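Input: a single structure, listed below in structure tokens.
Every number in this text was worked out from the coordinates using simple rules, so none of it is lab data. Nothing here was measured: the structure is a model prediction, and the numbers come from that model. Cβ atoms come from the backbone with ideal geometry, glycine included; neighbour counts cover every protein chain shown.
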Amino acid sequence: MEKIDSLDKKILEIITHNARIPFKEVAAECGVSRAAIHQRVQRLVDIGVITGSGYNVNPTTLGYNTCTYVGITLERGSMYKRVVEEFEHIPEIVECHFTTGPYTMLIKLYARDNAHLMELLNNKLQEIEGVISTETLISLKQSIKKEVPIGLSDADKATIEALMARRNALVTDNADD
């Protein structure tokens, strides 16, 4: 994998806090041209450092009030790929991991309520061939959600925090007008 340098890290730190920030603002903060930012971001996509972009949707606004983690034990670990294919057809499943420890797999899903969760568990997940048991953990509240640390210097972090504070102040001032 190609190495990323301090400019790449600075760009990543800025855009992971606000994916909609204009490249013009990123360029100004980094002291380079917009074209350089565009090229760097495209390179980071091409080499697999940036793996996606988009908007985060608040599940509760769509009626999904129950966030659940389900530990799944399979009859055999070799059934993993086939079970994942089945999970792909269940839209409420948003993450799936092949794990070590007491479970073969760990999934994250959203349900509208406990009755919907029970329907998913009993009539979908536990009906899949090879699933021998499930253990359900309901999330009461998500307290932290962030990206992995980029690895910037303290000076770079302070500069970026100042930029974000200025930007937030401008947004607040414009909203008050």
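From the list L117, L137, exactly one residue is surrounded by fewer than 19 Cβ atoms within 10 Å (Cβ to Cβ), more than 18 Å from the chain's Cα centre (by Cα) and of a type in the set (A, V, I, L, M). Which is it?
Within the list L117, L137, the selection yields L137.
If you take the residues in segment 61-110 that are of a type in the set (F, W, Y) and within 18 Å of the chain's Cα centre (by Cα), which one is nearest to E129 (Cα to Cα)?
By that ranking, first place goes to F98.
All but one of (1) over 30 Å from D156 (Cα atoms); (2) exposed (fewer than 13 other Cβ atoms within 10 Å of the Cβ); (3) touching a helix residue (DSSP H, G or I) at 6+ places or on another chain (Cβ under 6 Å) hold for F98; state the number of the condition that does not hold.
(2)
Report yes if I47 is out of contact with any Lys or Arg (no Cβ under 7 Å at 6 or more places or on another chain), among the aliphatic types (A, V, I, L, M) and surrounded by 18 or more Cβ atoms within 10 Å (Cβ to Cβ), otherwise no.
Against the criterion (out of contact with any Lys or Arg (no Cβ under 7 Å at 6 or more places or on another chain), among the aliphatic types (A, V, I, L, M) and surrounded by 18 or more Cβ atoms within 10 Å (Cβ to Cβ)), I47 does not qualify.
Exactly one of (1) surrounded by fewer than 16 Cβ atoms within 10 Å (Cβ to Cβ); (2) without any contact (Cβ under 8 Å) to a residue 24 or more places away in the chain; (3) assigned to a helix (DSSP H, G or I) is unmet by A27. Its number?
Of the numbered conditions (1) surrounded by fewer than 16 Cβ atoms within 10 Å (Cβ to Cβ); (2) without any contact (Cβ under 8 Å) to a residue 24 or more places away in the chain; (3) assigned to a helix (DSSP H, G or I), the odd one out for A27 is (1).
Mind checking which residues of segment 30-59 are more than 29 Å from A115 (Cβ to Cβ), in a loop (DSSP other than H, G, I, E, B) and among the aliphatic types (A, V, I, L, M)?
Those that are more than 29 Å from A115 (Cβ to Cβ), in a loop (DSSP other than H, G, I, E, B) and among the aliphatic types (A, V, I, L, M): V32, I47, V49, I50.
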